[in-house]
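For reference, the structure is listed below as structure tokens.
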Amino acid sequence: MTIFPILVAPDPILKKVAQDVSSVDDALRKQMDNMIETMYHDNGIGLAAPQIGISNRVLVIDLEQSKENPEGKPLFFVNPKVIWESEEMSVYSEGCLSVPEMYADIERPATIRLQYLDYHGKEQELEASDLLATCLQHEIDHLDGILFIDYLSSLKRNIILRKLKKSMKQK
Ligand code: NI
């Protein structure tokens, strides 16, 4: 398996709308395996393909993996589509591997219903709430070229981008 370098904002690939996947084959499964390994390596809970420079509609999530539970519970989503969202909203302090060490409170629908293809290319439907709902919406945004900092005022966003530029220079 390959660990990929993760692109950091303001990389232009992160702003592109990703393409639908036409079939879930071995090459795509290999991409998903590499994505989940990369995500574990960087201690993330979600990763979207554009973050490793691949502009297709694939994302991986694992909310349970930890040192104590190394197997975790990897989830794979291909061509995910939100088909319903609740009026009730919830707020989480979000972070992102492409906006390292920066966090902000973001409000999103508390519950969503989703259609997608799984690791084997099978059509699935899922209702998600709490952290999973937030994480899915955050990752689907990546497929549409949206970062969580895009929900902030341009003033706040620019402060974060400036801090990011500074900290990347020091590395
Ligand atoms: Ni992210």
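Things to note:
- Only residues that are surrounded by 13 or more Cβ atoms within 10 Å (Cβ to Cβ) and in contact with a helix residue (DSSP H, G or I) (Cβ under 8 Å, 6 or more places away or on another chain) were counted across the range 143-169, and they come to 10.
- Considering residues of the range 61-81 that are among the charged types (D, E, K, R) and outside any strand (DSSP E or B) only, the residue nearest to the chain's Cα centre (by Cα): 62
- Residue 170 over 17 Å from residue 15 (Cα atoms) and at pLDDT below 95: yes
- On the stretch given as the range 71-80, residues that are loosely packed, with under 15 Cβ neighbours inside 10 Å and either modelled with pLDDT of 95 or more or in contact with a Lys or Arg (Cβ under 7 Å, 6 or more places away or on another chain) (or both) total 1.
- Failed item, numbered, when residue 165 is tested on (1) within 16 Å of residue 6 (Cα to Cα); (2) part of a strand (DSSP E or B): (2)
The rows are residues; the columns are (1) in contact with a Ser or Thr (Cβ under 8 Å, 6 or more places away or on another chain); (2) within 18 Å of residue 36 (Cβ to Cβ).
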residue	(1), (2)
102	no, no
108	yes, no
117	no, yes
124	no, yes
129	yes, no
135	no, yes
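- Single residue of the range 86-121 satisfying the filter (within 13 Å of the ligand (Cβ to nearest atom) and among the aliphatic types (A, V, I, L, M)) that is surrounded by the most Cβ atoms within 10 Å (Cβ to Cβ): 99
- Within the range 14-28, if we keep just the residues that are part of a helix (DSSP H, G or I) and among the hydrophobic types (A, V, I, L, M, F, W, C), the residue that is nearest to the ligand (Cβ to nearest atom) turns out to be 14.
- Residue 7 vs. criteria more than 21 Å from residue 117 (Cβ to Cβ), within 16 Å of the ligand (Cβ to nearest atom) and part of a helix (DSSP H, G or I): no
Condition check ((1) in a loop (DSSP other than H, G, I, E, B); (2) touching a strand residue (DSSP E or B) at 6+ places or on another chain (Cβ under 6 Å); (3) under 20 Å from residue 100 (Cα atoms)) across all residues:
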{"site": "30", "(1), (2), (3)": "no, no, no"}
{"site": "36", "(1), (2), (3)": "no, yes, yes"}
{"site": "40", "(1), (2), (3)": "no, no, yes"}
{"site": "59", "(1), (2), (3)": "no, yes, yes"}
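- Residue match in the range 46-57 (condition: over 22 Å from residue 134 (Cα atoms), surrounded by fewer than 19 Cβ atoms within 10 Å (Cβ to Cβ) and more than 16 Å from the ligand (Cβ to nearest atom)): no
The values are calculated or read from the model by the stated rules, or taken from the named source; none is laboratory data. The model shown is predicted, which means the values in this text are computed figures rather than measured ones. Here the Cβ is made from the backbone with ideal geometry for all residues, glycine too, and neighbour counts use every protein chain on show.
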